[in-house]
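The values are calculated or read from the model by the stated rules, or taken from the named source; none is laboratory data. This one's a predicted model, so the numbers in the text were calculated from it and none came from an experiment. With ideal geometry, Cβ positions are generated from the backbone for all residues, glycine too; neighbour counts draw on all protein chains shown. These accessible areas exclude ligands, DNA and RNA; they are computed on the full protein's heavy atoms, side chains included. Shrake-Rupley method; radii C 1.70, N 1.55, O 1.52, S 1.80 Å.
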Amino acid sequence: MPVLNSQIYLPIDLIGKVWYNKNMDRIILHCDLNNFYASVECAAHPEWRDVPLAVAGNPEKRHGVVLAKNEIAKKFGVKTGDVIWEAKQKAPGLVVVPPHFNDYMALSSQVFDIYTDYTCYVEPFGPDECWLDCTGSTRLFGNGKEIADKIREDVTKQTGLTVSVGVSFNKVFAKLGSDLKKPDATTVISRENFKELLWKLPASDMLSIGRKTKEKLSKLNIHTIGDIANADIAMLRTHFGIIGARMHCYANGEDTESVREYVKSRKVESVGHGMTAIRDITTLDDAKALVYYLSERIAARMRKYGVRGSGVTVDLRGNDLKHTSHQRKMRVPTYATHEIAERAFALLAETWHGDPPLRTVTVAVYDLTPLDGAVQTTMFDDKTNEKEEAIERAMDYIREKYGKDSIVRANTLGKDFIYDKTDAEDYLPFKR
């Protein structure tokens, strides 16, 4: 980029070209649609706006848990993850509706279009959240708070939804800001007030700190974001490695990660599919059928993305809710269902022998390469992989022409624990 008198030339798509001083703080917004799924349902059905409402999966398919709730249900104590009967006990008269993912994705796209009216630097963090870098937009739209308020107004006027916005000088603090006041609020986290507003918050509120990290921090008598900021960085490195240094950096407001342009997506690192079976899986035969079903879905998506994969990961969760995960490389990169499934099932069979019964199985393929890339073969390659891939492409054609049920694998027939999971259900529930 051309540089002149400490000024950086910043292209803003559809807006123009704006100048700003390179030494000034960035203006980062984090926008979070409030109670997204539930809000979409209430916007579509005004009669539900004044009653407690929850969006929940199908209890007959083991997804009978709350995925989202409106503000009224939240005040009754309904939480994401509550089973339906539990939520109804908390909120008498609770309206429970199934998810409508096509509607959610359509509204999400509409809202993101609004964001791009203000900047081309819009980085999604799921269908209901994103970061915006509005540093170069201030001369057109005002300061960070003014931009956030304009966005909130536009979103409500055009969609009927509300959004909470955090405004700060980095991505981590902007996200913390959007969580501080809900619903429909703007919170500014500056260099002058971040210690007062954020350091008293629980350590787990900060991006990248999960349950296990929180437990390890607690053992070190570190409970708040301020505790992390004031902790010895060498000690954090000793216990958490590079993640410890990153936590210290985040807590002190030193995050410098940029916001990607909206058109620039992260490289796909893996393709996976998981399923919570309608009933617990107790036999290897049933487990193999489910692995083949998942592998077939993965292989179809890989062909859609134009990639092959060299490694397979299997994640198992028993009915005791404990996880175990293992991975292994394949002979050659492939998108053939048989190759993926056989590797995945071998991993499963090595680590699981029927106890505890399996509740959820997830298969993923990693180490992806484009279809037109070079493929390392073996001296004894018998072309089996190429034949399998040709069969897969033929099956794609048949299903596209005659329907997805026109051709199925024999080992999945009659398996009552497998339900037809659409790609949209990858958002069920949406994981951060």
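Worth pointing out:
- Identity of the residue in the range 310-322, of a type outside the set (S, T, N, Q) and out of contact with any helix residue (DSSP H, G or I) (no Cβ under 6 Å at 6 or more places or on another chain), that ends up most open to solvent (accessible area, probe 1.4 Å): LYS322
- Residue satisfying all of: in the range 255-271; modelled with pLDDT under 85 and among the hydrophobic types (A, V, I, L, M, F, W, C); least open to solvent (accessible area, probe 1.4 Å) among these: VAL268
- No other residue among THR362, THR369 is part of a strand (DSSP E or B), of a type in the set (Val, Ile, Thr) and surrounded by fewer than 18 Cβ atoms within 10 Å (Cβ to Cβ) apart from THR369.
- All positions within the range 314-340 that are at pLDDT 90 or above, under 14 Å from THR360 (Cβ atoms) and either assigned to a helix (DSSP H, G or I) or β-branched (Val, Ile, Thr) (or both): VAL314
- Residue among ARG237, ARG246 that alone is part of a helix (DSSP H, G or I), in contact with a Gly (Cβ under 8 Å, 6 or more places away or on another chain) and basic (Lys, Arg): ARG237
- Scanning the range 184-214 for residues that are of a type in the set (Val, Ile, Thr) and touching an Asp or Glu at 6+ places or on another chain (Cβ under 7 Å) yields a total of 1.
- Within the range 272-307, the set of residues being touching a strand residue (DSSP E or B) at 6+ places or on another chain (Cβ under 7 Å), of a type outside the set (A, V, I, L, M) and at pLDDT 90 or above comprises just one member, SER295.
- Test result for VAL172, in a helix (DSSP H, G or I) and among the aliphatic types (A, V, I, L, M): yes
- Count of the range 203-219 residues which are exposed (fewer than 14 other Cβ atoms within 10 Å of the Cβ) and either under 30 Å from GLU146 (Cα atoms) or of a type in the set (A, V, I, L, M, F, W, C) (or both): 1
- Evaluation of ALA73 against the conditions (1) among the small types (Gly, Ala, Ser); (2) modelled with pLDDT of 95 or more; (3) touching a His at 6+ places or on another chain (Cβ under 9 Å) shows that the sole unmet condition is (3).
- The condition (being aliphatic (A, V, I, L, M), open to solvent by less than 20 Å² (accessible area, probe 1.4 Å) and within 26 Å of ARG359 (Cα to Cα)) is satisfied by just one residue among VAL96, VAL66, VAL122, VAL83: VAL66.
- Of all residues in the range 291-309, those satisfying the criterion of being outside any helix (DSSP H, G or I) and buried (at least 18 other Cβ atoms within 10 Å of the Cβ) are VAL307, ARG308, GLY309.
- Residue among THR283, THR224 that alone is surrounded by 19 or more Cβ atoms within 10 Å (Cβ to Cβ) and of a type in the set (S, T, N, Q): THR224
- Leading residue by the ranking (farthest from ALA43 (Cα to Cα)) among those in the range 99-119 that are surrounded by 15 or more Cβ atoms within 10 Å (Cβ to Cβ) and of a type in the set (S, T, N, Q): THR119
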